[in-house]
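Colleague: Have a look at the structure that comes next, please.
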Amino acid sequence: MSVILETTKGDLTVDLFIKERPKTCLNFLKLCKMKRYNFNRFHHVERNFLCQTGDPTGTGRGGESIFGLLYGQQAKYYEAEQVPVLKHTKPGLLSMVNVGDNMLGSQFFITLGDNLDFLDKEHCVFGEVVEGHDALLNINEAICDENHIPYQDIRITHTVILDDPFPDPPGLEIPIHSPEPTKEMLDSGRIAADEDINDMEGKTAEEIEELIAEKEAKARATILEMVGDLPSVDAAPPENVLFVCKLNPVTTDDDLMIIFSRFGKIVNCEIIRDRQTMNSLQYAFIEFDNPKSCEDAYFKMDNVLIDDRRIHVDFSQSVSRLQWKGKGRGVEFVGGKAFDPNKEDYKVKDQPKREQSKRISSDDHPKRYGPQQRQRDFQPRDQYRGGREHREGRDGRDRREHREDRDGRDRREHREDRDRRDHREDRDRREHREDRDRREHRTDRSDIDNRGRRGGERDHREDRYNHDHREERHNRDHRHQSDRRERDHRERRRSPDRSHKQEDVSAQKRIRRSSSPKNSHRTK
């Protein structure tokens, strides 16, 4: 039970819920058979919500059911079927429009979004699109006015019934050919469906370039809104804020305040700094009291030399001070007011605390960040000395760390090579030991086999060897003692102290002999 709806954006193949909605499907199929939907336009298209059609008048207030065609105006509408409950849960669902008091006619809509639960109790779902979702996307992308009416007509050109399980009611006259559309039906006051739209016709080259640039900017803004970088497509940065970049790190807020104040009154001047180190990020925002002063500063200060740096100036593209109120509610300027030339209340007065933490006026900046800033002495080259010393120290530290890393890497490689060599040596020694053990094992086995035959001979050789060894050791000890006595005798003979001692000993012996009683008797 399918129907093909041929539209100016493509063909849609629809499957009908015959079992759940028999009366509604009968109404829809017989209206298609009577060619009542031919040349009906989609008079209401709301992006990502729904697209509505089925009204021959194209106003959204016409149309009648098949029962009204058969039985008159008293049966123009019929009561909707509510059981079972079918919900609007996904894109591509067909649903009859409730005209009031739960009554249905010929108008229906196709869902273009997900989870449209608030439509469940009011309208009646009776089918879904199974093929032609690309045509549905083309309808969804249609450009519409504030009343959600497409600028270019989107129409149902023809309907084709693939299967009709319901018999025709009595009195139903089916036309042989499709009826021609009336002049009132085609004259909608919009661009015709088959008309070729050329935006570039009758425009100069400059206007064409401007139109192309505007379309590209609109597309980029749409992408930024989709990813969350813009609160809204129509959000625009303030026109009285100037963006300055390529600043010297030593440039302060007061310097920019003095330099740019000649173009007009400055509401806020802020150099963006790192939150932890409080070092300048070399760009700033300058807010003037009116767009004219901002424009004058833009034309005069671009590529100007400030503190030995050529700065770049452009209009700010930041939307950080714009707050999105929600879908359909617009954008609010947070932290200040948009410029009004008839008033003098442009200054930031009741600024929230979170915005004060982001943007600090130039008068309060020296009090808050004065201790972190280096004092400037305005000498020719001394102001850069600290920066050079800092860079030289940093470069030297980087070189030392690089050398340490390289030395550590070399030591690790040397240690790994040494470990590999030790491993190879241990393996070679282990293999050599295993080979030696195998050879000894084979020798021991051969010795065991010949032990009985050579046992006596081996014992005799061992005894003879032990005897020869003892004799040799005894002779060696005897020779050693003789050599030592001879060496001691030669040393005593060479030593003068030893000869004197021997003479003294000889003299003492003679004295003792002469003083003995025996010798004294001889003397008497």
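The values are calculated or read from the model by the stated rules, or taken from the named source; none is laboratory data. Bear in mind that the values here come from a model prediction, so they are computed numbers and not experimental data. In this analysis, Cβ positions are derived from the backbone assuming ideal geometry, glycine residues included, and neighbour counts consider all displayed protein chains. Accessible surface areas use protein heavy atoms only, side chains included; no ligands, DNA or RNA. Shrake-Rupley method; radii C 1.70, N 1.55, O 1.52, S 1.80 Å.
Colleague: Please specify each residue of region 167-224 satisfying the condition of being basic (Lys, Arg) and without any contact (Cβ under 8 Å) to a residue 12 or more places away in the chain.
Modeller: Correct list: Lys183, Lys203, Lys215, Arg220.
Colleague: Just the residues that are open to solvent by less than 100 Å² (accessible area, probe 1.4 Å) and at pLDDT below 75, please, taken from region 421-447.
Modeller: Passing the criteria: Thr443, Asp444, Ser446, Asp447.
Colleague: Can I ask one more? I'm checking my understanding of the structure. Among residues of region 179-197 that are assigned to a loop (DSSP other than H, G, I, E, B) and open to solvent by less than 50 Å² (accessible area, probe 1.4 Å), which one is nearest to Ala142 (Cα to Cα)?
Modeller: Checking each candidate, the answer is Ala193.
Colleague: So, one more: With the structure loaded, tell me whether Val244 is crowded, with 17+ Cβ neighbours inside 10 Å and either touching a Lys or Arg at 6+ places or on another chain (Cβ under 9 Å) or in a strand (DSSP E or B) (or both) or whether it fails that test.
Modeller: yes
Colleague: Then there's this: Those residues that are in contact with a strand residue (DSSP E or B) (Cβ under 7 Å, 6 or more places away or on another chain) and not in a strand (DSSP E or B), I need them from region 268-293; list them, please.
Modeller: If the condition is that a residue be in contact with a strand residue (DSSP E or B) (Cβ under 7 Å, 6 or more places away or on another chain) and not in a strand (DSSP E or B), then Asp274, Asn279, Asp289 are the ones that fit.
Colleague: Check Asp274 against each of (1) on the phi > 0 side of the Ramachandran plot; (2) within 33 Å of the chain's Cα centre (by Cα) and name the one condition it does not meet.
Modeller: Here Asp274 clears every test but (1).
Colleague: Separate question: Mind counting the residues in region 201-228 that are more than 21 Å from Arg47 (Cα to Cα) and either surrounded by 11 or more Cβ atoms within 10 Å (Cβ to Cβ) or modelled with pLDDT of 80 or more (or both)?
Modeller: Number satisfying all stated conditions: 12.
Colleague: If Asp234 satisfies every condition in (1) assigned to a loop (DSSP other than H, G, I, E, B); (2) open to solvent by 100 Å² or more (accessible area, probe 1.4 Å); (3) over 30 Å from Phe288 (Cβ atoms); (4) charged (D, E, K, R) but one, which is the exception?
Modeller: Only one criterion in (1) assigned to a loop (DSSP other than H, G, I, E, B); (2) open to solvent by 100 Å² or more (accessible area, probe 1.4 Å); (3) over 30 Å from Phe288 (Cβ atoms); (4) charged (D, E, K, R) is unmet by Asp234, namely (3).
Colleague: Any residue in region 255-267 that is assigned to a loop (DSSP other than H, G, I, E, B) and open to solvent by less than 50 Å² (accessible area, probe 1.4 Å)?
Modeller: Looking through region 255-267, at least one residue is assigned to a loop (DSSP other than H, G, I, E, B) and open to solvent by less than 50 Å² (accessible area, probe 1.4 Å).
Colleague: Related question: Could you grab me the full set of residues in region 1-21 that are of a type outside the set (Val, Ile, Thr) and open to solvent by 50 Å² or more (accessible area, probe 1.4 Å)?
Modeller: Looking only at region 1-21, we keep the residues that are of a type outside the set (Val, Ile, Thr), and these are 1-2, 5-6, 9-12, 15-17, 19-21.
Those that are of a type outside the set (Val, Ile, Thr) and open to solvent by 50 Å² or more (accessible area, probe 1.4 Å): Met1, Glu6, Lys9, Asp11, Asp15, Lys19, Glu20.
Colleague: Out of all the residues in region 299-309, is one or more assigned to a helix (DSSP H, G or I), open to solvent by 30 Å² or more (accessible area, probe 1.4 Å) and modelled with pLDDT of 90 or more?
Modeller: Restricting attention to region 299-309, the residues satisfying the condition of being assigned to a helix (DSSP H, G or I) are 299-301.
Then drop every residue that is not open to solvent by 30 Å² or more (accessible area, probe 1.4 Å), which leaves 299-300.
With modelled with pLDDT of 90 or more added as a condition, the list becomes 299-300.
Within region 299-309 (the criterion being assigned to a helix (DSSP H, G or I), open to solvent by 30 Å² or more (accessible area, probe 1.4 Å) and modelled with pLDDT of 90 or more), the answer is yes, since at least one residue qualifies.
Colleague: Quick test for you: out of His460, His467, His474, pick the one residue that is of a type outside the set (D, E, K, R), modelled with pLDDT of 70 or more and either open to solvent by 100 Å² or more (accessible area, probe 1.4 Å) or touching a Ser or Thr at 6+ places or on another chain (Cβ under 8 Å) (or both).
Modeller: Only one candidate passes the filter, namely His474.
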